[in-house]
Every structure is written in C-alpha cells, then in structure tokens.
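To start, the structure under review is shown below, and the notes come after it.
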Amino acid sequence: MDEEFDLEGLVEQPTLTQEQIEQLYLARYYYAYGIPFMEDTVYEGLMNLIRKYYPDHYLNNVHWSKDPEPVTLLHKYNLPFAEFNINKELEEAIPDYILDLKREYFENYEGRYGDTSQKSIELIQDYDTIYERVEAFGHRNLHISIKADGFNYTVIYFRGHLIHAQTKGRTGSPIDITAVLRLVLPLTIKTDELVVIISGELVCYKESLPYLRSKYKQKFVSTRSSVSSLLRGGLELQDIKTHLKPLAFKCRSEYLHTLTEEFEWLKANGFNTPTSLTFYYDEWKTLVQYIKFFEPYRELLPYSSDGLVLAVDDSNDFYSLGETDHHYGGNIAMKVGVWSPEYYVGSVVGIKWTLGSSMYSPEAVIEPVTVANGNNVTSIPLNHIGRMVKHNIYPGSEIYFKITGDTKITLVYKDEDLENIT
C-alpha cells in the first residue's frame, strides 16, 4: 500500500466517497490517542459498507496497529500530529521492582492469553438485526451491561502486581498508560495466578466537567474527550485521581468461566464495573423488557453511556461463536431505545458561509435548541450547497438534526430519517 491510504476503485462508487475513506483513516489515527474524530456509530456504518462492497480493501484486512501515520492526509487537512505525553513525574515514580516485574513478564510470559488488546464490538442500531443476532446465540444465559462512553484500556497484573497498562485504539501501537492507571486502579490483587489481564473503560463523571473547565480553562467538551486530557498529564495529580474513573468489564483468568463470575470477581477485588445483570434468553420479548429496564440508567448514571452490551455469558460458548479481525461473534453493542440518534427541529435564522481550501461550505444558524445533554445548539453544518438547496433550507425554514454523541450534530437529510421524525 502506498503510504497510508488506498482509494483505488472506491471514489467512483455511490456507496463511499473519497472524503469518507480519508475520514476513516484519520479516525483510526486519532482514536488511538483518545481524540474524538468520528462517532463510533458513523465509523461502524462506513466500515460496514466497506466490508459489504469492498471485502479486499486494506481496511478490512489489516489490523489498526499496522496503519502507517497518515502524513499526507494530516497535511492535506492542516491537522495536527497527535501527541501523547504521560506526566514524567508519574513515570519516574514507578518503583524499580515493578519495572523488573514488567521486564520479566514481557521477556518470558507475554501472550499468556493471546493478544492483550480487545477487539471492537459490533454496533447495531435496529431491532431486526439484534433479533437475528440473539436468535443465533440460542436459548442460553446472556449477560447485559451498560456500555460506558469512554476510553478503553487493558491492564496486566503479574505475580499479583499491576505492572502494565495500555490503551486500545483503532490505529498505531497501544500507548503505555501504566503510570497514570497506577493512580486509580488497585496496585495489587490477591491471586495465586501468575498472570491476570483486566480490560475496561476509563470515564469522567458528568459532574466533573464544570470544575475542570473552570480550573484549567480548557475545552472539556464532553466526558469522553475529558478522559484524554486526564490521561495526557498537565493536570494536578489529585485531580487525575479524583476525576479519572476506571470501570472494568473483562477479567481473563483460568478460574473464571462466565462473564457473571468475572464481574463478581472484579467487584470483590476493588474494581468498579458497569451496571449489569444476567438472564436466560427464551424469547424475544424477554430481551426487550431488559432493554427497557436499563433505559433510565442513561440519565441516572454519573458517566455517559452510549448503548448496551449483550454477550453470551459462558466463556467457552462465547469463543465458540467465532470471531473476525474486528469483532467477536459472542457479543454485540445495542444502540436502540434511548441510545438511538435523537432528532430535533430548529428554526433557521441565517446561513453562514466558510471558505475552505477549494469551495464555500454553508452552515445553518438556528434559534438555540436545548438538547438532551443540556447543551444549546445554535448552528448545523450543511456540508455543501447542493444539500441546502435540495432540502429547501433558508432563513425562516425549519431544519431537522440529530445528536449522535455528546458533541456530534448531524443534519437529517436521508428519507428514512425524515420518515422516522414525521
């Protein structure tokens, strides 16, 4: 592959544009550094098109860790190179005996549980597809839990000591965040196992944002993007300890045989876990009832959530359902109900034009609309003039938009979306 992206045979197809392919490469690059570039649902939607129509494309067949740095695209869009500098004071504070244990592990025991990174999870936004997947699981115990909207991590305990922690992203080598996670995770666990590997999600509580914004004068836009700031350093250590919140949802151990056992072990050993329960799936309406049961938690929990995770509870059964380079077959992420895109309507008061590198781009200025996360939306990107003309958007008209994440605002223009609104 020439440098970092391959557009051959794609740009002339109606399903994908050159801009969308370029955005995928940039999203893979920035995501590794915890920098939001594209919503997960948008990323998965584009990737599903590639998997369906272009099965031989590079993005389908190469793991994110093999992606080169997208130098050409960064220059093309005048985007900054990502940096991730862990606080030097924290790194220097790691005891020598931990560094010795870390060397011993990576020299002699790495790969004890295969790849320590976690795969992505298949995102599904419609009940019909969820029904197909759950029927394929069969009648068995299923584990359902809140999907926290944060920053994925994996941590290794060796001889009972926390010796290594790393990020998981869609591109680049995993980033070592051991120094930071030693502030917020148990430093030791009681176990006679040589190696225990735990994965989870780093979140920042909603109530932390006003304090962080005020103290550091930075744009702590959302709970998810704030996690990146807390990891990168530059904040007081006490603030990192207070506002960086780790959740754990996976424990790889020879003694734990179901996801329920893993959650119970994690809670008993000082880890916080996402809200969850286990149930026997016998018919479709049973799952629907549990989805409804969890919906109030979206607002009640102190951290942001962007769906529910449904998994086969038994570990042997889970892995027997197969896997791809991207997903395991034994679990799915459900973005339905209150986690579906939220639709809004606004009154257009003006059109703002921005000159880009080669053309003007329109933006609709609207009367402020308060959305579910409490923010006021005052403008909607229209992407290009053709879309504005086709949908008759002008001062005095109404415009429909949806929120697909904490900060993502998208014009509603597809016929099926408009049908959902009306």
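Can you confirm whether residue 166 is surrounded by fewer than 21 Cβ atoms within 10 Å (Cβ to Cβ) and in contact with a Phe, Trp or Tyr (Cβ under 8 Å, 6 or more places away or on another chain)?
yes
Restricting attention to region 255-282, which residues are assigned to a strand (DSSP E or B) and over 26 Å from the mean Cα position of the chain (by Cα)?
280
Would you please list the contacts, defined by Cβ atoms under 9 Å and residues six or more apart or on different chains, that run from a residue in region 288-299 that is closer than 14 Å to residue 277 by Cβ to a residue that is in a loop (DSSP other than H, G, I, E, B)?
291/336; 294/275; 297/275
Return the only residue of 207, 254, 236 being surrounded by fewer than 16 Cβ atoms within 10 Å (Cβ to Cβ) and closer than 28 Å to residue 119 by Cβ.
Every option except 254 fails the conditions.
Which of the residues spanning region 262-276 are among the charged types (D, E, K, R) and buried (at least 16 other Cβ atoms within 10 Å of the Cβ)?
262 - this is the single residue of region 262-276 that is among the charged types (D, E, K, R) and buried (at least 16 other Cβ atoms within 10 Å of the Cβ).
Within region 37-67, how many residues turn out to be surrounded by fewer than 20 Cβ atoms within 10 Å (Cβ to Cβ), touching a Phe, Trp or Tyr at 6+ places or on another chain (Cβ under 9 Å) and at pLDDT below 80?
3
Hey, which of the helices (runs of 4 or more DSSP H) in region 130-239, taking only ones fully inside, have at least 2 residues that are at pLDDT below 85?
223-232
Within the group 161, 143, which residue is in contact with an Asp or Glu (Cβ under 6 Å, 6 or more places away or on another chain) and either over 20 Å from residue 109 (Cα atoms) or open to solvent by 40 Å² or more (accessible area, probe 1.4 Å) (or both)?
One residue alone meets the criteria, 143.
The values are calculated or read from the model by the stated rules, or taken from the named source; none is laboratory data. What you see is a predicted model; the values in this text were computed from it and never measured. Cβ coordinates were reconstructed from backbone atoms using ideal geometry, including for glycine residues, and neighbour counts include every protein chain displayed. The accessibility values were calculated without ligands, DNA or RNA, using every heavy atom of the protein model including side chains. Shrake-Rupley method; radii C 1.70, N 1.55, O 1.52, S 1.80 Å.
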